[in-house]
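Peer 1: Can you read through this structure? Questions will come right after.
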């Protein structure tokens, strides 16, 4: 992401009719089924005479508003007011006429401008207003190359989300996943990446060999995954910027189920020897591995807690697939799942308070969460088949994939990406050009 | 069964072709043009092909070593299990005899799972199954260096019938 170098953000001065007005609007995202906040998002005002390689500045301003609208609406926390209802047309005047926005039912208002700078960059400013209090809630200014307008829109969405919920957003993020195509007897599974809203989609491998279970580095533009290159399943490290991949270590047995440590310095994974899978951690700088479990059962799907002190993993050492937690050095192994059925793919929330999992019982599959001590199990979704939750970087949304049953005519079996809020509401499909599975959410870009 | 029979005839004819082509490799290794000889007789010839021509080292041959419609290159497993049951042992004994009789053959044992499970766990389970097959063959006297294992987890189904997908497949390498 070279664009980071040219991106400058600065807080812009508050212009407000009412001095130090208390913000009256806020969104409590810990509650389910919140009433979406009515928000008016105006096109950023720009000139149609100022041309860039990405169209006029006016068009960029309009498109930014559209992307912000789509981001906020998808979160389920906002309901954008149809611009055709606006009494005011967008204008450059810094202070809105709040009465006109109250009249259309808006509680929050987004205004802004876009201008072409002499050096060819675009300056984008936006302000978020509390319509009822008649005051500015936040305002930011960005400078960037015109081609980065979409990222600016996501940054604005994140700023609005943060100001109104008190928590970081997740809009300036990407999803790496497995793009699937072809009939079930001959399925092609390759690595692909896209923005969290599905734009800027790119295939990262050509499909000549299978890739599974990709995961983002929390600290760099790298992905780790299981690759079947050369018909030899092994864990790889892939650099998104250079497109280069390398095998992590050379081992006699298979390596799989990789995941980064929270500091990005290690990859934890399963390694199989003569059919038995145990968990190992590899220091990336030295490529030295440390054995963490040693048991004749299957130990797999390891995931660190946010500060790296603990590891949750999947094991059938108790006779069936269950979720366990241990210290990061492999000591103090405790089983935490005790409900009916099988439990798999535990993933620690970036907030640390929950572990998301896949559950299998009664011929169905479920995505749920429980506390790290195993209490408070809560099921969020169910279907014929779904698995592999990944957390949004703010720990408020889970993405996973669903697979549909085959029909009797050789059809069916589609895989799709879905997301749901931690509250259990706002379940949505994430559209992909082909079928999709194994989503992994990136951290917030910087 | 009929299909299998014809497939075998074709393979035998194909093997004969390969053998006759081999004689030419020295002087025309790069030449892909078929020799200007008369085409071989069509496969369903009234007189059976000579027995010594049968290539006993092919996948098709292995598949039919037990006859009676048994797919002798594949063993099946119960849900979430990797133990080799009596039927699987019968097949693996035949595989081991065949490997001992065909010392030039190396195999890859593929471990597979049904789709009613999570990806990562099934990769591990497939590895268990592949190694269960390998260990049985080794116990029956086959050299361990002749057997490579690979797990495809649930990623390579051959059927919409879950039981058919829980399998160890011995692939001639």
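The values are calculated or read from the model by the stated rules, or taken from the named source; none is laboratory data. Nothing here was measured: the structure is a model prediction, and the numbers come from that model. For neighbour counting, all protein chains shown are included, and Cβ atoms are generated from backbone atoms with ideal geometry for every residue, glycine included.
Peer 1: Filter segment A:376-401 down to the residues that are within 14 Å of chain B (Cβ to nearest Cβ) and under 17 Å from the mean Cα position of the chain (by Cα) and list them by number.
Peer 2: A:387, A:388, A:389, A:390, A:400, A:401
Peer 1: Does residue A:315 satisfy being within 12 Å of another protein chain (Cβ to nearest Cβ), touching a residue at least 12 places away in the same chain (Cβ under 8 Å), exposed (fewer than 14 other Cβ atoms within 10 Å of the Cβ) and under 21 Å from residue A:277 (Cα atoms)?
Peer 2: no
Peer 1: Scanning for something more than 8 Å from every other protein chain (Cβ to nearest Cβ) and at positive phi, does segment B:137-148 turn up at least one residue?
Peer 2: Step one: of segment B:137-148, the residues more than 8 Å from every other protein chain (Cβ to nearest Cβ) are B:137-148.
From what's left, at positive phi: B:141.
Yes, the conditions are met somewhere in segment B:137-148.
Peer 1: Please state which of the following conditions residue B:112 fails to meet, knowing it meets all the rest: (1) at the interface with chain A (Cβ under 10 Å from one of its Cβ atoms); (2) free of Cβ contacts under 8 Å to residues at least 60 places away in the same chain; (3) in contact with a strand residue (DSSP E or B) (Cβ under 6 Å, 6 or more places away or on another chain).
Peer 2: Of the numbered conditions (1) at the interface with chain A (Cβ under 10 Å from one of its Cβ atoms); (2) free of Cβ contacts under 8 Å to residues at least 60 places away in the same chain; (3) in contact with a strand residue (DSSP E or B) (Cβ under 6 Å, 6 or more places away or on another chain), the odd one out for residue B:112 is (1).
Peer 1: How many of the residues making up segment A:405-431 are within 11 Å of another protein chain (Cβ to nearest Cβ) and in contact with a strand residue (DSSP E or B) (Cβ under 7 Å, 6 or more places away or on another chain)?
Peer 2: Residues of segment A:405-431 within 11 Å of another protein chain (Cβ to nearest Cβ): A:405-413, A:415.
Filter once more, so that each one left must be in contact with a strand residue (DSSP E or B) (Cβ under 7 Å, 6 or more places away or on another chain): A:405-406, A:412-413, A:415.
Qualifying residue count for the region: 5.
Peer 1: Select, from B:152, B:136, the only residue that is touching a residue at least 24 places away in the same chain (Cβ under 8 Å) and either farther than 23 Å from residue A:270 by Cα or surrounded by fewer than 21 Cβ atoms within 10 Å (Cβ to Cβ) (or both).
Peer 2: Answer to the selection: B:136.
Peer 1: Which of the residues that make up segment A:400-433 are more than 18 Å from residue A:196 (Cβ to Cβ) and outside any strand (DSSP E or B)?
Peer 2: A:404, A:405, A:407, A:408, A:409, A:410, A:411, A:413, A:414, A:423, A:424, A:425
Peer 1: If residue A:203 meets every condition in (1) under 24 Å from residue A:416 (Cβ atoms); (2) within 12 Å of chain B (Cβ to nearest Cβ); (3) surrounded by fewer than 19 Cβ atoms within 10 Å (Cβ to Cβ) apart from one, which number is that one?
Peer 2: (2)
Peer 1: I'm told residue A:302 meets every condition in (1) touching a strand residue (DSSP E or B) at 6+ places or on another chain (Cβ under 6 Å); (2) more than 10 Å from every other protein chain (Cβ to nearest Cβ) except one. Can you identify the failing condition by its number?
Peer 2: Unmet condition: (2).
Peer 1: Right, next: Hey, among B:75, B:138, B:84, B:108, which residue is closer than 30 Å to residue A:358 by Cα and not in a loop (DSSP other than H, G, I, E, B)?
Peer 2: B:75
Peer 1: Can we say residue A:361 is in contact (Cβ under 8 Å) with a residue 12 or more places away in the chain, closer than 13 Å to residue A:343 by Cα and surrounded by fewer than 19 Cβ atoms within 10 Å (Cβ to Cβ)? Explain how you work it out, then say what you get.
Peer 2: Values: in contact (Cβ under 8 Å) with a residue 12 or more places away in the chain: yes; closer than 13 Å to residue A:343 by Cα: yes; surrounded by fewer than 19 Cβ atoms within 10 Å (Cβ to Cβ): yes.
Yes.
Peer 1: Can you tell me which of A:344, A:440, A:356 is within 14 Å of chain B (Cβ to nearest Cβ), touching a helix residue (DSSP H, G or I) at 6+ places or on another chain (Cβ under 7 Å), surrounded by 18 or more Cβ atoms within 10 Å (Cβ to Cβ) and assigned to a strand (DSSP E or B)?
Peer 2: Numbers: A:440 fails: touching a helix residue (DSSP H, G or I) at 6+ places or on another chain (Cβ under 7 Å); A:356 fails: touching a helix residue (DSSP H, G or I) at 6+ places or on another chain (Cβ under 7 Å).
On inspection, the qualifying residue turns out to be A:344.
Peer 1: Need a quick list: strands (runs of 3 or more DSSP E) entirely within segment A:106-186 having at least 3 residues that are assigned by TED's automatic domain parsing to the domain that holds residue A:206.
Peer 2: Passing ranges, in order: A:174-181.
Peer 1: Whether any residue in segment A:232-240 is surrounded by fewer than 20 Cβ atoms within 10 Å (Cβ to Cβ) and within 11 Å of chain B (Cβ to nearest Cβ) is what I want to check.
Peer 2: Within segment A:232-240, one or more residues are surrounded by fewer than 20 Cβ atoms within 10 Å (Cβ to Cβ) and within 11 Å of chain B (Cβ to nearest Cβ).
Peer 1: So residue B:76 ticks every box in (1) within 14 Å of chain A (Cβ to nearest Cβ); (2) touching a helix residue (DSSP H, G or I) at 6+ places or on another chain (Cβ under 9 Å); (3) modelled with pLDDT of 95 or more; (4) within 28 Å of residue A:412 (Cβ to Cβ) but one. Which box is left unticked?
Peer 2: Condition (1) is where residue B:76 drops out.
Condition check ((1) modelled with pLDDT under 95; (2) buried (at least 24 other Cβ atoms within 10 Å of the Cβ); (3) more than 14 Å from every other protein chain (Cβ to nearest Cβ); (4) under 19 Å from residue A:389 (Cα atoms)) across all residues:
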| site | (1), (2), (3), (4) |
| --- | --- |
| A:147 | yes, no, yes, no |
| A:154 | no, yes, yes, no |
| A:178 | no, yes, no, yes |
| A:192 | no, no, yes, yes |
| A:195 | no, no, yes, yes |
